[in-house]
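**Student:** Dropping a structure here in structure tokens format, bear with me for questions.
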Amino acid sequence: MRAHLGDQLVIESPATGAGRRDGEIVGLHHEDGTPPYDVRWSDTDEVTLVFPGPDAHIHHVGHGQPVTAHEPSRPYTGEAEAVSAAAQPTGTPNPGDIGRRVAVERRRQKLSREETARRARMSPAYLAYLEERPADPTVTTLIRLADALGTTVSALRGGGIDLPPGQGHALLHPQLRDLGPEECRTLLSTHGVGRIAVSTSDGRPAVVPVNYEVVDDTIMFRTAPDSVPAAAVGTDVAFEVDHLDEALSQGWSVLAVGPASVVTEPDAVQRLSQRAHTTPWPGGQREMWVSIRPTSLTGRRITPAGQ
């Protein structure tokens, strides 16, 4: 069995041969059009992952010829291919991007797949497939997921990836409060991306992002000896981490200030390399570990008044 986007999947009633259920194929998981498929059912408008059985057949758009689950695969050319290509939205991310964004946002909000699927009115199995495999969910599915996660369809598609954060409207009644050291440590967590402020060799200030780890309340990051972040060594530096929730116009920031030094003990370097959650995103040879031991740890959070 082979299908293309826009084809119709029909599940026949074994008793009467009448059409029991039908839906539009809105997502393919294999380039050759073989199952499984994402199907938007005409009776519920819901999208589910389907592995067609022997009682299923496909009506190709523009051909009108059914193909049963047991018929041999046939090449697909002609008018229906043009219809299928037109059905695919232009400018969509590479396969899997949407699923990864859904998974990251779900984990950030500490939601289980079951709870997210319930909120989005879809099967947990389909959500798992969407997060783990390349998929092309429909606009209806994305709207439900965005609503369930408190974000936007554009954000799930990566539409704001080249825009600076914080372009939303400010809260009508914002509340700005200072954070204590313990809350700051919690927000720094164990790893992520932060920004380090240094003075370069020519005396100019610079702020650059780095992937960091937190080990025993010490901030650690990897860099190259001739890089801008390496200028931090031997000086007092400022290191900042923040998060903005565009949908709710709220967020927080944490600022750590302290001396930076190179980690030179071989066993310590080896342990850091083994425990690191990720390699530096810029790539290349960045094997020099720098530690920042905060002498000052402050933060602020913006929330709606009264929250």
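**Student:** Might you report the magnitude of the Cβ-based charge dipole of the chain about its Cα centre, with Lys and Arg at +1 and Asp and Glu at -1, to the nearest 20 debye?
**Tutor:** Working: 29 positive and 39 negative charges, 132 e Å.
Here the chain has a charge dipole of around 640 debye.
**Student:** What is the spin-label model distance, in nm, from D267 to R118 if the labels are put 7 Å beyond Cα along the C-beta direction?
**Tutor:** With each label placed 7 Å out from Cα toward Cβ, I get 4.9 nm.
**Student:** For region 110-151, run through the trypsin sites (Lys or Arg not before Pro) and keep only the ones in DSSP coil with at most 13 other Cβ atoms within 10 Å of their Cβ.
**Tutor:** K110
**Student:** Something else about it: Where is the GNM fluctuation largest for the chain (alpha-carbon springs, 10 angstrom cutoff): I196, I98, I25?
**Tutor:** The residue with the greatest mean-square fluctuation here is I196.
**Student:** When the label point is put 7 Å from the Cα of A224 along its Cα-to-beta-carbon vector, which residues of region 260-290 have a backbone N closer than 18 Å?
**Tutor:** Only 279-290 fall inside the zone, counting backbone N under 18 Å.
**Student:** Something else: Which one, H60, A224, A120, is farthest towards the positive end of the dipole of the chain when Lys and Arg carry +1 and Asp and Glu -1 on their Cβ?
**Tutor:** Of the candidates, A224 comes out farthest on the positive side.
**Student:** Only Cα pairs within less than 10 Å get springs; with that Gaussian network setup on the chain, which residue of E132, E213, E31 has the largest fluctuation?
**Tutor:** E31
**Student:** Please name whichever of G166, M288, G234 sits farthest to the positive end of the charge dipole of the chain, dipole taken about the Cα centre and charges placed at Cβ: Lys and Arg +1, Asp and Glu -1.
**Tutor:** Toward the positive end, the furthest listed residue is G234.
**Student:** For G166, what charge total do you get from the other residues with a beta carbon under 11 Å from its beta carbon, if Lys and Arg give +1 and Asp and Glu give -1? Mind showing how you got there, number by number?
**Tutor:** Numbers: positive: none; negative: D242, D245, E246.
Value of the local net charge: -3.
**Student:** Moving to a separate point now. So if I take the centroid of the Cα atoms in region 237-307 and the same for region 134-201, what is the distance between those two points in Å?
**Tutor:** Distance between centres, Cα-based: 16 Å.
**Student:** I'm spelling it out carefully: the read-out is P(r) over Cα pairs in 20 Å bins from 0, in percent, the candidates are (1) 26, 42, 25, 6, 0; (2) 26, 60, 14, 0; (3) 23, 31, 22, 22, 3, and one was derived from this structure. Which label?
**Tutor:** (1)
Rule-based calculations on the coordinates, nothing more; no lab input. Since the model is a prediction, treat every value here as computed from it, not as a measurement. For neighbour counting, all protein chains shown are included, and Cβ atoms are generated from backbone atoms with ideal geometry for every residue, glycine included.
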